[in-house]
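The structure appears below as structure tokens.
The values are calculated or read from the model by the stated rules, or taken from the named source; none is laboratory data. Since this is a predicted model, take the numbers as computed values, not measurements. All Cβ positions, glycine included, derive from the backbone under ideal geometry; neighbour counts span all protein chains shown.
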Amino acid sequence: MKFYGSTISTLCLLLLLSISISGFVESLGINYGQVGNNLPPPETVLTLIKSSRLTKARIYDTNPEILTAFAHSGVELIVTVENNMLSTLMNPQQALQWVNSHIKPYYPATNITGISVGNEVFTDEDTSLTSYVVPAMVSVHGALSQLGLNSYIQVFSPTSAGVLQESYPPSAGSFKPELANVITQFCRFLHSTNAPFWVNAYPYFAYKDDPTRIQLDYVLFNPNAGMVDPYTNLHYDNMLYAQVDAVIFAIWRLGYGGLDVRVSETGWPSKGDQNEIGATVENAATYNKNLLRRQMANQGTPLRPSVRLEVYVFALFNEDMKPGPTSERNYGLFQPDGTMAYNVGLSSLAHSSTSSTSISLTSSASKETHKGYQSLVYWMFIYLLAFQGFMRRPT
Ligand SMILES: *[C@@H]1O[C@H](CO)[C@@H](O)[C@H](O)[C@H]1NC(C)=O
């Protein structure tokens, strides 16, 4: 009986462990920008994305070729309303027309999970966008509701980290006073529709602006002493997490502490102009590799350690037609011909789908599932031990 008991318990454990290991996997997201004249066609891009085992992508428009190519692909897509459309889409009729022509024909074959209504509107040179964005989000959301799509497709608007007045220490996080009013309305909308607050966060910018005072290891996620927030006592070993927690604190100060905060863009350029300190292949590879590693470990920020930080890397390709300094054209993980700009660890995957080192990542949701299984395994184990003990007694 003792023999059977332990065999059964071993079998149960193996079974449950294998369930917990083969649970849902989900990868980090990738930003698929298209500002290049040499980028491959969407079908080829999809193959590249899939062979890298990326399952989430964001595009900066509603390019019909991409929406068509990504149908039935298993890749989730966030699409974007261009900033110059915001004033038009404040009108509910126009918004309905837009959703009817730009979203509805492709959904659900193409798994559009979110509509980004503008990008970095609060820091755009065109300051009128600031007052357009919330009304446009309300109209687009209203149109989705009318078409019965609102529970499948979220409406949000990624902001630049430049909306912050204070970001250091993270607990001091606050929005620029001139934006507080509109960002309060913005957060109220996100809260009422259960949508996340997405932020584009680039520790690279902070480093480039002050390379003598900011430690490279701290911005690159390398081992370093880090800093302790004197008010929360939380320890930060990298700047990205500190920036995200600063945003969480800023939102909390406006009264919407429960909002989910996610990173819609982060990355590091592999090349820059003379004055763009730190824009090197080595640093770009280190930043993205370390980020990937932390994602695989399901890390959350010090303020929300149990929730994996959702991150979309910028960007899939180097985009040769982007204006601005050299760095702007060199954020890609890949060259336009599909070869790697540098090795992030996606390499083995892009060329051998049978590689055992999967970069597929467990999502925060599946992490909960994971925990569920783990505790189930635990209780199963306790139960079987007790059962064995009980069975042993008569002998
Ligand atoms: C689309 O993505 C959502 C969110 O991850 C997922 O729940 C849903 O199952 C996906 N739909 C399809 C058809 O794959």
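Quick check on my filter: what residues within region 43-55 are within 14 Å of the ligand (Cβ to nearest atom), closer than 19 Å to residue 109 by Cβ and surrounded by 21 or more Cβ atoms within 10 Å (Cβ to Cβ)? Steps first, answer last, please.
Pass one, region 43-55, residues within 14 Å of the ligand (Cβ to nearest atom): 50, 54-55.
Filter again for closer than 19 Å to residue 109 by Cβ, leaving 50, 55.
Within region 43-55, 55 is the sole residue that qualifies.
Could you check region 60-86 and list, in sequence order, the residues that are within 16 Å of the ligand (Cβ to nearest atom) and either surrounded by fewer than 21 Cβ atoms within 10 Å (Cβ to Cβ) or aromatic (Phe, Trp, Tyr) (or both)?
68, 69, 70, 71, 72, 73, 74, 76
So if I check each of 301, 286, which one is assigned to a loop (DSSP other than H, G, I, E, B), in contact (Cβ under 8 Å) with a residue 40 or more places away in the chain and of a type in the set (S, T, N, Q)?
On the way: 286 fails: assigned to a loop (DSSP other than H, G, I, E, B).
Being assigned to a loop (DSSP other than H, G, I, E, B), in contact (Cβ under 8 Å) with a residue 40 or more places away in the chain and of a type in the set (S, T, N, Q) holds for just one of 301, 286, which is 301.
What residue, of 129, 144, is within 16 Å of the ligand (Cβ to nearest atom), at pLDDT 95 or above and either in contact with a helix residue (DSSP H, G or I) (Cβ under 8 Å, 6 or more places away or on another chain) or of a type in the set (Phe, Trp, Tyr) (or both)? Give the derivation first.
Values: 129 fails: within 16 Å of the ligand (Cβ to nearest atom).
One residue alone meets the criteria, 144.
Is it fair to say residue 114 is under 19 Å from residue 319 (Cβ atoms) and within 16 Å of the ligand (Cβ to nearest atom)? Show your work before the answer.
Working: under 19 Å from residue 319 (Cβ atoms): no; within 16 Å of the ligand (Cβ to nearest atom): yes.
Criteria not met by residue 114.
Suppose we keep only residues that are within 24 Å of the chain's Cα centre (by Cα) and part of a loop (DSSP other than H, G, I, E, B) within region 116-137. Which one would you say is surrounded by the fewest Cβ atoms within 10 Å (Cβ to Cβ)?
124
Look through region 138-173, keep the residues that are outside any helix (DSSP H, G or I) and of a type in the set (A, V, I, L, M), and return whichever of them is nearest to residue 198 (Cα to Cα).
Step one: of region 138-173, the residues outside any helix (DSSP H, G or I) are 147-160, 164-169, 173.
Going one step further and asking which of them are of a type in the set (A, V, I, L, M), we end up with 147, 149, 153, 155, 164.
Values: 147: 25, 149: 21, 153: 15, 155: 11, 164: 13 Å.
Here the residue is 155.
What is the one condition in (1) of a type in the set (Val, Ile, Thr); (2) closer than 28 Å to residue 266 by Cα; (3) modelled with pLDDT of 95 or more that residue 25 does not satisfy?
(3)
What's the number of the condition residue 113 fails, among (1) assigned to a strand (DSSP E or B); (2) hydroxyl-bearing (Ser, Thr, Tyr); (3) surrounded by 21 or more Cβ atoms within 10 Å (Cβ to Cβ)?
If we test residue 113 against (1) assigned to a strand (DSSP E or B); (2) hydroxyl-bearing (Ser, Thr, Tyr); (3) surrounded by 21 or more Cβ atoms within 10 Å (Cβ to Cβ), just (3) comes out false.
Suppose we filter 245, 229, 210 for residues that are in contact with a Pro (Cβ under 8 Å, 6 or more places away or on another chain) and either surrounded by fewer than 16 Cβ atoms within 10 Å (Cβ to Cβ) or within 22 Å of residue 288 (Cβ to Cβ) (or both); which single one remains?
Values: 229 fails: either surrounded by fewer than 16 Cβ atoms within 10 Å (Cβ to Cβ) or within 22 Å of residue 288 (Cβ to Cβ) (or both); 210 fails: in contact with a Pro (Cβ under 8 Å, 6 or more places away or on another chain).
Sole residue among the options that is in contact with a Pro (Cβ under 8 Å, 6 or more places away or on another chain) and either surrounded by fewer than 16 Cβ atoms within 10 Å (Cβ to Cβ) or within 22 Å of residue 288 (Cβ to Cβ) (or both): 245.
Among what's in region 147-165 and is of a type in the set (A, V, I, L, M) and within 16 Å of the ligand (Cβ to nearest atom), pick the residue that is farthest from residue 179 (Cα to Cα). Working first, answer last.
Let us first name the residues in region 147-165 that are of a type in the set (A, V, I, L, M), namely 147, 149, 153, 155, 161, 163-164.
Filter once more, keeping what is within 16 Å of the ligand (Cβ to nearest atom): 149, 153, 155.
Values: 149: 30, 153: 27, 155: 20 Å.
Applying the filter and picking the extreme gives 149.
Please pick out the residue among 342, 331 that is at pLDDT 95 or above and in the same structural domain as residue 239 (by TED's automatic domain parsing). Lay out the reasoning, then the answer.
Values: 342 fails: at pLDDT 95 or above.
The match here is 331.
Within the set of pairs 6+ apart or on separate chains, which have a first residue in region 61-79 that is within 14 Å of residue 49 (Cα to Cα), a second that is outside any helix (DSSP H, G or I) and away from the ligand (no atom under 16 Å from the Cβ), and C-beta atoms under 9 Å apart?
As it stands, the answer is 66/32; 66/34; 69/41; 77/32, since those pairs meet every condition given.
State all residues of region 185-237 that are of a type in the set (Phe, Trp, Tyr) and at positive phi; if no residue qualifies, say none. Let's see the steps before the verdict.
Taking region 185-237 and keeping what is of a type in the set (Phe, Trp, Tyr), we get 186, 189, 197-198, 202, 204-205, 207, 218, 221, 231, 236.
Residue satisfying the conditions is 221 alone.
Exactly one condition in (1) among the hydrophobic types (A, V, I, L, M, F, W, C); (2) more than 16 Å from the ligand (Cβ to nearest atom); (3) out of contact with any helix residue (DSSP H, G or I) (no Cβ under 6 Å at 6 or more places or on another chain) is not met by residue 109; state its number.
With respect to (1) among the hydrophobic types (A, V, I, L, M, F, W, C); (2) more than 16 Å from the ligand (Cβ to nearest atom); (3) out of contact with any helix residue (DSSP H, G or I) (no Cβ under 6 Å at 6 or more places or on another chain), residue 109 is out only on (2).
Go over the candidates 193, 212, 232, 184 one by one and state the one that is among the polar types (S, T, N, Q) and touching a Gly at 6+ places or on another chain (Cβ under 8 Å).
Working: 193 fails: touching a Gly at 6+ places or on another chain (Cβ under 8 Å); 212 fails: touching a Gly at 6+ places or on another chain (Cβ under 8 Å); 232 fails: touching a Gly at 6+ places or on another chain (Cβ under 8 Å).
The conditions single out 184.
Could you list all residues from region 289-298 that are outside any helix (DSSP H, G or I) and within 13 Å of the chain's Cα centre (by Cα)? If you could, list the steps in order and put the result at the bottom.
Filtering region 289-298 for residues outside any helix (DSSP H, G or I) gives 297-298.
Hit for region 289-298 is 298, nothing else.
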